[in-house]
Amino acid sequence: MAEPPLLDVEDLVVEYPTAQGPFRAVDRVSFQLPRGGSLAVVGESGCGKSTLARALVRLLRPVSGRIVLDGTDIATLSERRLRPLRRRVQMVFQDPYGSLDPHLTAQQIVAEPLRLSGIGDRAGRARRAAELIDRVGLPSSALHRRPPEFSGGQRQRIGIARALASRPDLLVCDEATSALDVSVQAQVLDLLRELQAETGIAYLVIAHNLAVVREISTEVVVMRAGRIVETGPTAAVLASPAEPYTRALRRAALDPTTIRGVKPRHLLTTTAREGTRS
Ligand SMILES: Nc1ncnc2c1ncn2[C@@H]1O[C@H](COP(=O)(O)OP(=O)(O)OP(=O)(O)O)[C@@H](O)[C@H]1O
Ligand SMILES: [Mg+2]
């Protein structure tokens, strides 16, 4: 029998309350991610990628469906029962400004998840944080600086170091390399691949840059208006995309203006649902 997947998402529904009633941002999404595997989620702006990511790490509580992590359904677990599992799934956020505490030093930020999980002593945690900050390519002078003193790309790397600190089984990366210039992006992708080879960590990567998707993921899921519209091995989906969005995304990837990771806004269509919300 095949080994059960690390993550098994089934019929996941996530809604936001709005003045017009609940808005369904993720609509019956199902997929699996094997242990040590890597899956990319792509789709136009507003299709629900970040909402899906936030539900997977249980920053949002889904309305229905299952999120089975290593045999335990975490979709509706209470905060108390979730606590021991939090270490195992970490997230790198799309917005590196809002997600780092501006009052802490980089070293404290990276050590924070270890402190919260009660891992190691103070000195050990500081050592591990310094190691990780070096690993993501920041100089040791970064250790004692605070988020406002870093560039967007540097903040993003601190977010990655923090997410890796507790040695998670699954890392959810929401546009984790978008703010980085191409050489730093390549460096971070190399790091993620190295770590995967070393530790068998699994990745769920949200990216709009198909070069990144190709580099990091073996499987890809294409979302539109909260639903999965296309899925399969990355090479196959990108070679012969069935969906108009995937085709457009692929065309944009060949366009030199998108090479530096500029989001192809000209492609992004407003969904009918967005009109009903605001
Ligand atoms: N707090 C909220 N309340 C109401 N609606 C929301 C909220 N957050 C997001 N939405 C809506 O849910 C939908 C999905 O948003 P989400 O942020 O998941 O999209 P996304 O795919 O990550 O987009 P992008 O590529 O721009 O980051 C959008 O239509 C968005 O406007
Ligand atoms: Mg998003």
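Details
- Any hit, region 115-128, residues being crowded, with 18+ Cβ neighbours inside 10 Å and under 15 Å from ALA165 (Cβ atoms): yes
- Hey, ASP169 farther than 27 Å from LEU6 by Cβ and among the charged types (D, E, K, R) or not: no
- Every condition in (1) surrounded by fewer than 22 Cβ atoms within 10 Å (Cβ to Cβ); (2) over 28 Å from GLU10 (Cβ atoms); (3) modelled with pLDDT of 95 or more holds for ASP73 except the one numbered (2).
- Of residues in region 16-55 being farther than 15 Å from VAL205 by Cα and more than 9 Å from ligand 1 (Cβ to nearest atom), the one surrounded by the most Cβ atoms within 10 Å (Cβ to Cβ): VAL29
- Restricting region 76-106 to residues that are touching a residue at least 24 places away in the same chain (Cβ under 8 Å), within 16 Å of ligand 1 (Cβ to nearest atom) and more than 20 Å from ARG135 (Cα to Cα), the residue that is surrounded by the most Cβ atoms within 10 Å (Cβ to Cβ): GLN94
- So VAL229, is it closer than 19 Å to ARG250 by Cβ and surrounded by 22 or more Cβ atoms within 10 Å (Cβ to Cβ): no
- One residue alone among VAL205, VAL213, VAL188, VAL220 is β-branched (Val, Ile, Thr), outside the structural domain of GLY152 (by TED's automatic domain parsing), crowded, with 20+ Cβ neighbours inside 10 Å and touching a Pro at 6+ places or on another chain (Cβ under 8 Å), and that residue is VAL220.
The values are calculated or read from the model by the stated rules, or taken from the named source; none is laboratory data. What you see is a predicted model; the values in this text were computed from it and never measured. All Cβ positions, even for glycine, are placed from backbone atoms using ideal geometry, and neighbour counts span all protein chains on display.
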